[in-house]
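Beneath this line is the structure, given in structure tokens, with notes to follow.
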Amino acid sequence: MTCDCNPGQMKLKKKEIADFSKWLFQIGEGKLSEPNDGFADIQVPPELLITDYTDPIVSIVNSTYPDFIENYQSNDYLKRVTKDYYSSNTIDRSEIHDTNVIDILTPEFLSSLTTSGLPNHLIRLKVGTPVMLMRNIDQPEGLCNGTRVMITKMGNHVIEAKIMAGKCCGTLVYIPRMDMSPSQSPWPFKLKRRQFPIIVSYAMAINKSQGQSLDTVGLYLPRDVFTHGQIYVALSRVTTKQGINILVYDEIGMLKSTTTNVVYKEVFHNI
């Protein structure tokens, strides 16, 4: 087997990877803009800045990438037929002591409820839409909470999808509807929602992206990070600076070239 790689190009590529790794370690250890014992602003290299969204997108929390962008604007880019999936909602009557409450909890009201860990009442999909699983379905086959898949076929009761990353990348899988309830209900009753255990995932939260290796990532920061190591986690999803692009806004929505890095150095004292 022959290799057409130019030795000079290979040496340059290795240096770029080494420089990028060194920069990442400096961010992770809080050595940029020292002294950094908590919050410090770091300069984003100009070549990493972008002025538009990139796919896939990593952001601070799910709420910073609005539902209307995920479900409508991004989907409209895919010129394919849309299919809407509506949930069926009930309440656990065993936990209701006042039967009069049941009359108040109408189907329309239950459908309007949203909370963390529960899919939306309405999920709008097209072939090619990337989604993320919200439950463990079949771990040996790669269907775990947080797995990103791409829709390939849409049935009434089952969705066919292709795993997008990991050891099972490219595998076709089938996702059924499931009965789900939030682990900690924010309401004085237990909601049971029958729906596909997925969320449209053109973007994912930084914390949710942990452990994933990606070729390209767009880091969307409409506001500063707020916990230790978040910037490092986001940037280390790729191995080269060519694979990361960063979009940073200030408090009034203007583009800027710096962002906050949160590092508490006492975390490293006993390592």
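Sort out for me the Cα centre separation of segment 143-186 from segment 198-271, rounded to whole Å.
Distance between centres, Cα-based: 25 Å.
Note the full-extension length gain between Val158 and Arg194 as 0.36 nm times their separation in residues minus their Cα-Cα distance, in nm to one decimal.
Stretched fully, the Val158-Arg194 segment lengthens by 11.7 nm.
Based on the mean of other Cβ atoms within 10 Å per residue, sort peptides 200-210, 84-94, 154-164 so the most packed one is first.
Details: 200-210: 20.4, 84-94: 13.8, 154-164: 16.0.
Ranked by mean Cβ neighbours within 10 Å, highest first: 200-210, 154-164, 84-94.
What residues have an amide H closer than 5 Å to that of Thr152, excluding those fewer than 5 places away on the same chain, when H is modeled at 1.01 Å from N in the peptide plane?
Amide H to amide H, under 5 Å and 5 or more residues apart or across chains, Thr152 pairs with Gly128, Glu160, Ala161, Lys162.
Set the Förster radius R0 to 41 Å, insert the Cβ-Cβ distance between Leu122 and Ala40 as r into 1/(1 + (r/R0)^6), and round the FRET efficiency to 0.05.
Details: r = 42 Å, r/R0 = 1.03.
So the FRET efficiency works out to roughly 0.45.
Might you tell me the accessible area per residue for segment 101-227, computed with a 1.4 Å probe and given in Å²?
Value returned for segment 101-227: 48 Å² of accessible area per residue.
Please state the shape class of segment 176-271: rounded when a/c is under 1.5, otherwise prolate if a/b exceeds b/c and oblate if not, all from the C-alpha gyration tensor.
Cα axes put segment 176-271 in the prolate bin.
Please report the carbon-and-sulfur percent of the accessible area for segment 144-271; probe 1.4 Å, protein heavy atoms only, DNA, RNA and ligands left out.
Working: 3350 of 6360 Å².
Carbon and sulfur atoms account for 53 percent of the accessible area of segment 144-271.
Past the 27 Å Cα-Cα mark, which pairs from Lys241/Lys265; Lys167/Lys241; Lys167/Lys208; Lys11/Lys241?
Violating the 27 Å limit, Cα to Cα: no pairs.
The values are calculated or read from the model by the stated rules, or taken from the named source; none is laboratory data. Quantities reported herein were computed from a predicted structural model and do not represent experimental measurements. A quick note on method: Cβ atoms are made from the backbone with ideal geometry, for glycine too, and the neighbour counts reach across all protein chains shown. All accessible areas refer to the heavy atoms of the entire protein, side chains included, with ligands and DNA or RNA removed. Shrake-Rupley method; radii C 1.70, N 1.55, O 1.52, S 1.80 Å.
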